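Okay, structure first, notes after.
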Amino acid sequence: MKKKNTLEFEIYGDYALFSDPITRVGGEKNSHYVPTYEALKGILHSIYWKPTIIWIIDRVKVLNPIKTESKSIRTMKYNDSSVCDRSFYTYLKDVRYVVEAHFVWNTNRPELKKDRIEDKHYFMAKRALERGGRRDIFLGTRECSGYVKPCNFETVKSFYEYDSEPIDFGNMFHGITYPDEAFLSEDKDYMTVRFWHCKMKNGIIEFPEPNSVEKKRHIRKMSIKKFGLDENFKNVEEEINSLNS
């Protein structure tokens, strides 16, 4: 069931690179065939982000046929930054997606409780989307510029709309859970990486919510950075007074 604060938008661009972690060890990158949850969440953060809310990606629709293109890239060598090396990156070409997402309150930040005004954040996000986002949009990596615009998820047709069988993409990177967005107690002191089994049916991928993903691994310990006058604006008044004196 669609949430009251659901945001629907189209993403498109000439190229995309949703890097498969397995292929990055040797310095060359190969894209997943479909966008990851984390990449779509990053695009939403570029459209509109506040620490009060957490964006939840519900589903994505793949509009264009999946095509790849390999390019030769000059990169610096790991052991000698003064010498260039040649790598091959495999990009997705001519990509278009439609995303449906909603937000929930970040209950790990009680100091921002007064900012939990649903209509305020929803309409600010809609206005930011209509203007193409607050920050630059990237499709996976910085060299892949993208564009966003509002749309209706149901009315836009996918190239894979009438596929009789689901397309199985196997085990895929889902995203990263940071302590400030972790609802499970065992994840609140760690940076956690999530994986899941991705399938597309009739051009649509439905994502599980981050806290329901079972395949995960704690990478390292991490604490929550707090927002507030005491933490982020220390000695501001003294500095202002010194400038005015």
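The values are calculated or read from the model by the stated rules, or taken from the named source; none is laboratory data. Everything numeric in this text was worked out from a predicted model, so none of it was measured. Note: ideal-geometry Cβ built from the backbone for every residue, glycine included; neighbour counts use all protein chains shown.
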Just checking, does the stretch 126-145 include any residue being over 19 Å from the mean Cα position of the chain (by Cα), buried (at least 16 other Cβ atoms within 10 Å of the Cβ) and not aromatic (F, W, Y)? no
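Of these, E130, E181, E143, E165, which one is of a type in the set (D, E) and free of Cβ contacts under 8 Å to residues at least 12 places away in the same chain? Break it down stepwise before answering.
Working: E130 fails: free of Cβ contacts under 8 Å to residues at least 12 places away in the same chain; E181 fails: free of Cβ contacts under 8 Å to residues at least 12 places away in the same chain; E143 fails: free of Cβ contacts under 8 Å to residues at least 12 places away in the same chain.
Answer to the selection: E165.
Quick check, is D94 of a type outside the set (K, R), over 25 Å from V193 (Cβ atoms) and modelled with pLDDT under 95? Before the answer, list the steps.
On the way: of a type outside the set (K, R): yes; over 25 Å from V193 (Cβ atoms): yes; modelled with pLDDT under 95: no.
Here the answer is no, as D94 does not meet what is asked.
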Taking interchain pairs and intrachain pairs at least six residues apart, which have beta carbon atoms under 8 angstrom, with the first residue in the stretch 20-32 and more than 9 Å from F173 (Cβ to Cβ) and the second of a type in the set (D, E) and at pLDDT 80 or above? K29/D20; N30/D20; S31/D20
Odd one out for V95 among (1) touching a residue at least 60 places away in the same chain (Cβ under 8 Å); (2) surrounded by fewer than 16 Cβ atoms within 10 Å (Cβ to Cβ); (3) part of a strand (DSSP E or B): (2)
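Name the single residue that is surrounded by the fewest Cβ atoms within 10 Å (Cβ to Cβ) among those in the stretch 161-193 being charged (D, E, K, R) and more than 30 Å from V62 (Cα to Cα). Full working, then the answer.
So the first thing to find is which residues in the stretch 161-193 are charged (D, E, K, R), and the list is 161, 163, 165, 168, 180-181, 186-189.
Going one step further and asking which of them are more than 30 Å from V62 (Cα to Cα), we end up with 180, 186-189.
Values: D180: 17, E186: 10, D187: 19, K188: 18, D189: 14.
So, considering only residues that are charged (D, E, K, R) and more than 30 Å from V62 (Cα to Cα), the one surrounded by the fewest Cβ atoms within 10 Å (Cβ to Cβ) is E186.
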Could you look through the stretch 98-125, keep only residues that are more than 30 Å from E154 (Cβ to Cβ) and buried (at least 17 other Cβ atoms within 10 Å of the Cβ), and pick out the one that is modelled with the highest pLDDT? N108
Hey, K41 hits all of (1) buried (at least 21 other Cβ atoms within 10 Å of the Cβ); (2) more than 13 Å from F138 (Cα to Cα); (3) touching a Phe, Trp or Tyr at 6+ places or on another chain (Cβ under 6 Å) but one; which does it fall short on? (2)
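Does the stretch 10-21 contain any residue that is surrounded by 18 or more Cβ atoms within 10 Å (Cβ to Cβ) and out of contact with any Phe, Trp or Tyr (no Cβ under 9 Å at 6 or more places or on another chain)?
Of all residues in the stretch 10-21, those surrounded by 18 or more Cβ atoms within 10 Å (Cβ to Cβ) come to 10-13, 15-19.
Add one more test, that the residue is out of contact with any Phe, Trp or Tyr (no Cβ under 9 Å at 6 or more places or on another chain), and what stays is none.
No: zero hits.
Taking only the stretch 52-87 into account, find how many residues are at pLDDT 85 or above and either more than 19 Å from the chain's Cα centre (by Cα) or surrounded by fewer than 17 Cβ atoms within 10 Å (Cβ to Cβ) (or both).
Restricting attention to the stretch 52-87, the residues satisfying the condition of being at pLDDT 85 or above are 52-71.
Adding the requirement that they be either more than 19 Å from the chain's Cα centre (by Cα) or surrounded by fewer than 17 Cβ atoms within 10 Å (Cβ to Cβ) (or both) leaves 59, 64-71.
Residues that pass the stated criteria total 9.
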